[in-house]
Amino acid sequence: MKRNMKQLSLLLALVIVSIKTTSAQTDKNPGAEIYMNYCSACHGKKLEGGQAPSLLTTKWKQGESKKAVTQTIKKGVPNTAMMAWENMLTDKQIEQVTDYMLFLKKSKKEKS
Ligand code: HEC
């Protein structure tokens, strides 16, 4: 009986650990997923550009603060291919993708 309890609690601990790691994986970067799905076609996988100008080498015309970038994504850039995303993505998703873009930009800066 005692032995069973020990095995049970070991099993329980394992289950808890694996639940934790899976949720950590999905929480890892929702922004990255949104970026890959909706933005990378124009902005490139790592902001290097494509249809849109590179956002790694240039200063961002619309501003680089989190607030400014959020606003750009919501409203788009008039008369360019950059559309408004406020009806496509939730505020939370826009915030996540903003964080991801700023993270990409920052990680590039640190490397070069
Ligand atoms: C159809 C192509 C296209 C898609 C898709 C697209 N963009 Fe853009 N984006 C552009 C272009 C082109 C510009 C540059 C506009 C200009 O000339 O200033 C731009 C500019 C931007 C800027 C401002 C850069 C600056 O210089 O200030 C941000 C931020 C941005 N895009 C974020 C996003 C995000 C986030 C997504 C996905 C949700 C996205 N874009 C999807 C084409 C696109």
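Every number in this text was worked out from the coordinates using simple rules, so none of it is lab data. For clarity, every value in this text was computed on a predicted model and none was experimentally measured. For neighbour counting, all protein chains shown are included, and Cβ atoms are generated from backbone atoms with ideal geometry for every residue, glycine included.
Pairs of Cα atoms under 8 Å, at least six residues apart: use those to get the relative contact order of the chain, whole percent.
24
Using R₀ = 25 Å, calculate the FRET efficiency as 1/(1 + (r/R₀)^6) where r is the Cβ-Cβ separation of D91 and A68; round to 0.05. Could you put the intermediate results ahead of the total?
Details: r = 16 Å, r/R0 = 0.62.
For R0 = 25 Å, the calculated efficiency reads 0.95.
Which ³J(HN,Hα) values, rounded to whole Hz and listed in residue order, are derived for the stretch 78-86 from phi using the Karplus coefficients 6.51, -1.76 and 1.60 in 6.51 cos²θ - 1.76 cosθ + 1.60 with θ = phi - 60°, glycine and proline given as x?
Karplus values, whole Hz, x for Gly and Pro: x, 6, 10, 6, 7, 8, 7, 10, 5.
In a GNM of the chain with a 10 Å cut-off on Cα contacts, which of N87, N79, N29 has the highest mean-square fluctuation?
N79
Ranked by Cβ crowding within 10 angstrom, fewest neighbours first, how are W85, W60 ordered?
Details: W85 19, W60 16.
Arranged by neighbour count, lowest to highest, W85, W60 become W60, W85.
How far is helix 91-111 tilted off the main Cα axis of the chain, in degrees rounded to 10, range 0 to 90?
80
Please list, in order along the stretch 51-66, the HN-Hα scalar couplings obtained from phi with the Karplus expression 6.51 cos²θ - 1.76 cosθ + 1.60 (θ = phi - 60°), rounded to whole Hz, x for Gly and Pro.
With the stated coefficients, the stretch 51-66 comes to 5, 9, x, 4, 9, 9, 9, 10, 6, 6, 4, 8, x, 10, 6, 4 Hz.
How far apart, in nanometres, would the label points at I16 and K46 be if each is projected 7 angstrom from Cα along the Cα-to-Cβ direction?
Between I16 and K46, the simple spin-label model gives 3.9 nm.
I need the phi-derived Karplus couplings for the stretch 43-49: 6.51 cos²θ - 1.76 cosθ + 1.60, θ = phi - 60°, integer Hz, Gly and Pro marked x.
Karplus values, whole Hz, x for Gly and Pro: 8, x, 4, 10, 6, 6, x.
Please state the shape class of the chain: rounded when a/c is under 1.5, otherwise prolate if a/b exceeds b/c and oblate if not, all from the C-alpha gyration tensor.
prolate
Out of M88, M36, M101, any idea which swings most in a Gaussian network model of the chain, alpha carbons joined below 10 Å?
In the Gaussian network model the winner is M88.
I need the shape label for the stretch 47-112. Rule: rounded when a/c is under 1.5, else prolate if a/b > b/c, else oblate, with a, b, c from the alpha carbon gyration tensor.
Oblate, because a/c is 1.5 or more while a/b does not exceed b/c.
Stretch N37-K106 to full length: gain in nm at 0.36 nm per residue minus the Cα-Cα span?
Values: separation 69, 0.36 × 69 = 24.84 nm, distance 2.10 nm.
Residue separation times 0.36 nm, minus the Cα-Cα distance, leaves 22.7 nm.
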